[in-house]
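Written out below as structure tokens is the structure these notes cover.
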Amino acid sequence: MTLAGWSARRFAGSGAARRTAAQTTRHGRGDMIRITGGEWRGRRLCSPTGLRARPTLGSVREAIFSILSERLGGARALDLFAGAGALGFEALSRGAQSCRFIDRARAHLDLIGRSARALGCEDRVERLRADLPRALERPEAGAGAFDLVFMDPPYESGLAAPTLRALAQGPWLAPRALVVIETRRGEAIDAPAGYELVRHKRYGDTEVHIYTMPLNEKRHHQALELMPGGVNSPVRAFGAVGGTPRYIASGQGAMITDLSGKRYIDYVGSWGPLILGHAHPAVVAAVTETARKGLSFGAPTDLEVQLAERVFEDVPSVEMVRMVNSGTEATMSALRLARAATGRDKIIKFAGGYHGHVDSLLVKAGSGATTFGAPSSPGVPASVAADTLVCRYNDAASVEATLAQHAGQVAAVIVEPVAGNMGCIPPREGFLEALRELTIKHGALLIYDEVMTGFRVALGGAQERYDQNPDLSTFGKILGGGLPVGAYGGRRELMELVSPSGSVYQAGTLSGNPLTMAAGLATLKEIEQPGVYDRLEALSARLEQGLRDRAGAAGVPVHVTRVGSMIGLFFTGTAVQDYDDALRCDAKRYATFFHAMLDRGVYLAPSAFETLFVSLAHTEDLIDRTLEAADQCFHLL
């Protein structure tokens, strides 16, 4: 068959003629190519005479396969620049399931065919005639995930590095795959980023290099070709700390496991939603049962009503609520409602506050916007940004001055009552109270962005913890139990302005979808149980104080903050109370600490401007293990 320019031939086998050892020929170096081990040990391969081939010496093959002995059983092998196929047939003899041989010379592939017939393994052999590495750049042309890759390119050809690159970028390498490369002694290989050299041996004038590509690196190389930055949300890219993101295969409780099988104590928790930990049985059961009945209907369901009732009961300021699909949708909709209700256009936000990627709020934004050096995003029209006024967090005087300067023009003040997107920064005493007084005085609405703090710092969110009563609130994260969600709610007379009750339009195809409602309900039922927040408080306080103590013992200046189960870790010797303070912290030192902790199995937020989250799945033992790792890492700084 022919696939995208490849000449491919698979052997069918049962009636193929068998050649005897006497019918084989001697190769150019005066050495017979004999299989050195396994089922066909001692059998000879058809070898080239006068052809440009350089079969791997038997002694070198024996050394290579001694190293690979535990990886051969059932393996799929790929022999590149195959020549006579000595390495591929050696793998088959020692237990490999199959081997694909690729070479540009038809004569070499004919020899491989004769050897396959002689050994009776035609059904385990595939030959492909193609130029390397170009052929590997066309994964549609017969790709497969191989466990072992052998590469014996012409000496000094420079083909090893581009071939490694092509292997990494296509679907060629199976999990834990090994790539074995033979070169002339002293010939260097400029291996692409992501490969790890696990063995390097010299045998006379030959060198053998064995590489692996850890699965995280492999997936990231592929992701970079498919998605901007290789991710679907910027902070996941490790741009602030460097290195390769960990691709997570599973999570259970407070632990996550990456593609390579390494486990981590997790303090990201999907950026806050997983207050119960990963794959909590009650949440999984609720979602599974709901999914059996249907994934989405585009019509009202009882689950929507039940979750709305829980929000109504748990958050005193919310008299009506509308479900949406993300925190961004929630804040966008709340701002539209505030403008409609007041007849005003301007909004006050705080430097470093992040309220989703709404155009009007991407002005001096925190979270990933700060991490990637774009606090005011390109693509936001100046006319839109002009209606966004920025004040300093924890500075009520700046708010008072701005409201006075723009008297009668400000529709709302939107605030994270606990700043969580420039690290965790608690409100200064009296700050939230001042915002309430000032907005009432100037006829503006007060919007609490509780996407992060809602159901996290208390059952009723920050407004319960600080005894405040905003006009509107936005929610997300925990409300969806780990599935996409958002919600906004508040005073009845405001919410009744939303369509279809009123004329402020907002809609969503999957808003209030059954799976998310089920996950949210199951989560809220768990955290409504007595003692839940006392337990979270104790665990979080243990981590907070432990980090502070161990950093102090190591002589490393840090400022540790905490509100409930939200924790900030700033590498600075001074207090952090606003965005400017956060920006002055040592982000490079945080990056060093992050990677040291990652190496020790602790997964922190991959940015100095994000918050750490403790869940109910964390235990005192896990906290103590985290602190032991932190003690070691602080002493490295």
Sorted by Cβ neighbour density within 10 Å, fewest at the top, the residues Ile447, Ile35: Ile35, Ile447
³J(HN,Hα), Karplus 6.51/-1.76/1.60, whole Hz, each residue of segment 621-637, x for Gly, Pro: 5, 5, 4, 5, 5, 4, 5, 5, 5, 4, 4, 4, 6, 4, 6, 7, 7
Relative contact order, percent, the chain [alpha-carbon distance under 8 Å, six or more residues apart]: 12
Sequence ranges 407-415, 470-478, 267-275, ranked by mean other-Cβ count within 10 angstrom, highest first: 470-478, 267-275, 407-415
Under the Karplus curve 6.51 cos²θ - 1.76 cosθ + 1.60, θ = phi - 60°, whole-Hz ³J(HN,Hα) for segment 426-432, x wherever Gly or Pro sits: x, x, 5, 4, x, 5, 5
Fewest-first sequence of Ile102, Ile248, Ile265 by Cβ atoms within 10 Å of each Cβ: Ile248, Ile265, Ile102
Computed helical MRE - 222 nm, the chain, DSSP H runs ≥ 4 contributing -39500 (n - 2.57), nearest 500: -10000 deg cm²/dmol
5 angstrom amide H check on Leu173, placed H, neighbours 5+ away: Phe146
Option label - Cα extents along the principal axes in Å computed here, alternatives (i) 88, 58, 53; (ii) 101, 59, 49; (iii) 106, 89, 42: (ii)
Folded to 0 to 90 degrees: helix 396-405 orientation relative to the chain principal axis, Cα: 70
Measure of compaction for segment 495-622 (Cα Rg per 2.2 N^0.38 Å): 1.42
Exposure proxy ranking, count of Cβ atoms within 10 Å, fewest first, for Glu225, Glu122, Glu90: Glu225, Glu122, Glu90
Crossing angle, helix 327-342 versus the chain [Cα axis fit, 0-90 degrees, rounded to tens]: 30
Overall Cα dimensions of segment 127-236, principal axis frame, Å, largest first: 50, 32, 22
Folded to 0 to 90 degrees: helix 215-226 orientation relative to the chain principal axis, Cα: 70
Calculated Rg and Dmax of segment 180-232 using C-alpha coordinates, Å: 14.7, 49
Under 24 Å from the Cα of Lys588 - lysines, other chains or at least 8 residues apart: Lys364
Counting DSSP beta bridges with both ends in segment 280-433, the antiparallel % (nearest 5): 20
Label-point gap, in nm, between Ala404 and Arg492 - each point 7 angstrom along Cα→Cβ: 3.8
Packing-based order for 76-85, 525-534, 330-339, using average beta carbon neighbours within 10 Å, highest first: 76-85, 330-339, 525-534
Descending semi-axes in whole angstrom, ellipsoid equivalent of segment 473-520, from the Cα gyration tensor: 22, 13, 7
Set Lys346/Lys477; Lys349/Lys477; Lys201/Lys262; Lys349/Lys525; Lys293/Lys477; Lys441/Lys477 screened for pairs whose C-alpha atoms are more than 30 Å apart: Lys349/Lys525; Lys441/Lys477
Rounded to whole Å, sorted largest first: equivalent-ellipsoid semi-axes of segment 417-563, Cα gyration tensor: 32, 22, 13
Where a label projected 7 Å from the Cα of Val532 along Cα→Cβ would reach, residues of segment 549-587 with amide N under 19 Å: 563-567
Per-selection Rg to Rh, segment 296-527 - Cα, Kirkwood hydrodynamic radius: 0.95
Prolate/oblate/rounded call for segment 375-437, Cα gyration tensor, a/c under 1.5 rounded: oblate
Tyr203 long-range amide H proximity, modeled H, under 5 Å: Val208
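Where a number appears in this text, it was derived from the coordinates with a stated rule and is not lab data. Bear in mind that the values here come from a model prediction, so they are computed numbers and not experimental data. Counting neighbours? That spans all protein chains shown, and the Cβs are built from the backbone with ideal geometry, glycine included.
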